[in-house]
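A.B. asks: The structure follows.
The values are calculated or read from the model by the stated rules, or taken from the named source; none is laboratory data. Keep in mind the model is a prediction, meaning the values are calculated, not measured. In this analysis, Cβ positions are derived from the backbone assuming ideal geometry, glycine residues included, and neighbour counts consider all displayed protein chains. Each accessible area value is taken on the protein alone, full model and side chains, heavy atoms only, with ligands, DNA and RNA left out. Shrake-Rupley method; radii C 1.70, N 1.55, O 1.52, S 1.80 Å.
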Amino acid sequence: MTDSLLSRRALLRYGAYGAGAAALAGTAASWDRLTGNDIPGRDDGSLVVATLGSAFSPDGIRTLLAGFRRLHPDIKVRINAVQAVDWPDFFAKILTQIAAGTAPDLVYVATEGVQLFARHLGVPLDRWVKRDAAELTEYFADVHPSLVESMMYEGSLYQLPIEFNAADMYLNTQVLQRAGAQLPADDWTRDDFTALLRQLKKANDSHFTPYFWTNRLWGGVVPWLFANGTDLLAESKAPGGSWLWDAFYPADRRQGRGGGFRWTTPRATSGRVEEAYDYLAELIQEGLCTRPEGGNGQNLIGVFSTGRVGVTPAGGFWAGGLHLAGMRADAFDVQYFPRWRTQRHQFGAAGYALLRTSKKQDAAWEFIKYSARLDTLAALFSTNQTTPARRSMLTAARYRESGPAHWRVFYDTLDKFPDTGPIPAPPQVAEVTQVLLKHTGTALASPHSVRPALRRMQGDLEQAMERDV
């Protein structure tokens, strides 16, 4: 692997992001579409920005481009909205473009890909951040340091976070009322959660599911690992980063910060991981939750909004999704994830990564800065399809129409629980995710399969983490 391009062997390995190497092997028929060679004016000198197709609305994109053009009329920008099922599928397509030599200048990258891009493809933003420190002071004052730290790798900053979503608990208020239940307290426990599910089940018919969750890295089993004081991989902090923390954050907010997260030794067979899987297995056996399902959770909006599901983990993005689905603002609410040994939450964030192959790096930096401005994000995130990284954007007016009533939970998940952190996403995240999803499904297939499946997960994770990606 070179500094500028992924090798074809590496590309096939990252087929784990999408439908696998077999799917990538069949891309010849659509190669022009994947590489962007069929885009009119590809070589017109524009700054090319690749985004996940569903990340922003067409109106938001038009507003973004118009505003940037007014500020920088000399920089032509083209947005390449890549249609993908989810973040892994999106990354697979971007990696294909890079291997083909048609890399964009900027890529919108979520937590799942931050370290992968930083290690092999990205450019540290440190020199520009230091140069424009006075201009960025207002931005950092408005953004929680945990979000910034999640975008760092080995002491350098690779992205400015512009959005995030923490895994909180959504509750259907009509379902609660039908069961004579109240919205849980902020400090509710795992036992309170179990009791609530039993209460909801008792008040509904056999077609009702008290708790629904999706088998994925974000919002699947990992929030329960965090709540039980553990993680899938051993977690630590890289050294460095003081150049940023000392410049932009007061002492009390930069305490304990480092140069980014490190995820290393697999912990699938540790006692607390086993406890978390045992707990989910017990919920399944008692009929309190579903067996793990794959996918991105889109099908969940319908069953939740119609009252066939009572509780599910989701982030601020769901407020907009439920509103668009026709759910009234008072028909649902949100609460923190319940406490177990801890009440640590997980989150995923996103921002623009600058690729080393770009010949327009200074222009790209101007776009990154523009994308993090308050007025820019207000235009992009007008429908509550995510949680803005900027704290000042979360207001009663923003959530008055869509709900939920307890919208402050979204940012308070960071402010009130300072140990809340990103999902485990090392550079080997593609294989780690594939292993997690495969063995989670097996572990929860029957009451006696947890430990054998976790032993196999441990072995596969060890192999994945030993590979130098």
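A.B. asks: Over segment 376-469, what percent of the accessible surface lies on carbon and sulfur atoms, probe 1.4 Å?
C.D. replies: Answer for segment 376-469: carbon and sulfur cover 51 percent of the accessible area.
A.B. asks: Can you send over the carbon and sulfur percentage of the accessible area for segment 232-272, probe radius 1.4 Å, protein chains only? The partial results should precede the final answer.
C.D. replies: Details: 920 of 1950 Å².
Heavy-atom surface of segment 232-272 belonging to carbon and sulfur, 1.4 Å probe: 47 percent.
A.B. asks: I would also like to ask the following. Loop-only check: which trypsin sites (Lys or Arg not before Pro) in segment 369-469 are DSSP coil with at most 12 other Cβ within 10 angstrom? Display every interim value, and only then the final one.
C.D. replies: Details: sites: Lys369, Arg373, Arg390, Arg391, Arg398, Arg400, Arg408, Lys416, Lys438, Arg455, Arg456, Arg467; in loops: Arg373, Arg400, Arg408, Lys416, Arg467.
Hits after loop and neighbour filter: Arg400, Arg467.
A.B. asks: Continuing with the same structure: Please go through segment 158-259 and write out the trypsin sites (Lys or Arg not before Pro) that DSSP classes as loop and that have at most 14 other C-beta atoms within 10 Å.
C.D. replies: On the way: sites: Arg178, Arg190, Arg198, Lys201, Lys202, Arg216, Lys237, Arg253, Arg254, Arg257; in loops: Arg216, Arg257.
Within segment 158-259, no trypsin sites (Lys or Arg not before Pro) qualify (loop, at most 14 other Cβ atoms within 10 Å).
A.B. asks: OK, next. Using DSSP, restrict attention to beta bridges with both residues in the chain and report what percent are antiparallel, rounded to the nearest 5. Kindly include the intermediate steps, with their values, before the conclusion.
C.D. replies: On the way: 27 of 42 bridges.
About 65 percent, rounded to the nearest 5.
A.B. asks: Return the sequence-ordered ³J(HN,Hα) values of segment 233-247 in whole Hz as given by the Karplus equation 6.51 cos²θ - 1.76 cosθ + 1.60 applied to θ = phi - 60°, using x for Gly and Pro.
C.D. replies: Computed from phi, the couplings for segment 233-247 are 10, 4, 10, 8, 10, 6, x, x, x, 4, 4, 8, 4, 5, 7 Hz.
A.B. asks: Enumerate the calculated ³J(HN,Hα) couplings along segment 168-176 in order (Karplus 6.51 cos²θ - 1.76 cosθ + 1.60, θ = phi - 60°), each rounded to whole Hz, writing x wherever the residue is Gly or Pro.
C.D. replies: Each residue's phi maps through the Karplus curve to give 9, 10, 8, 10, 7, 5, 5, 5, 4 Hz.
A.B. asks: At most 15 other Cβ atoms within 10 Å plus a DSSP loop assignment makes a site exposed; report the longest stretch of the chain without any exposed GluC sites (Glu not before Pro). Don't jump to the answer; show the numbers that get you there.
C.D. replies: Working: sites that count: Glu286, Glu401.
The reported range is 1-285.
A.B. asks: Taking only protein heavy atoms into account and a 1.4 Å probe, give the accessible area per residue of the chain in Å².
C.D. replies: Working: 18210 Å² over 469 residues.
In whole numbers, the chain has 39 Å² accessible per residue.
A.B. asks: Same structure, new question: Note down the nm distance, to one decimal, between modelled labels 7 Å out along Cα→Cβ at Gln285 and at Lys130.
C.D. replies: 5.8
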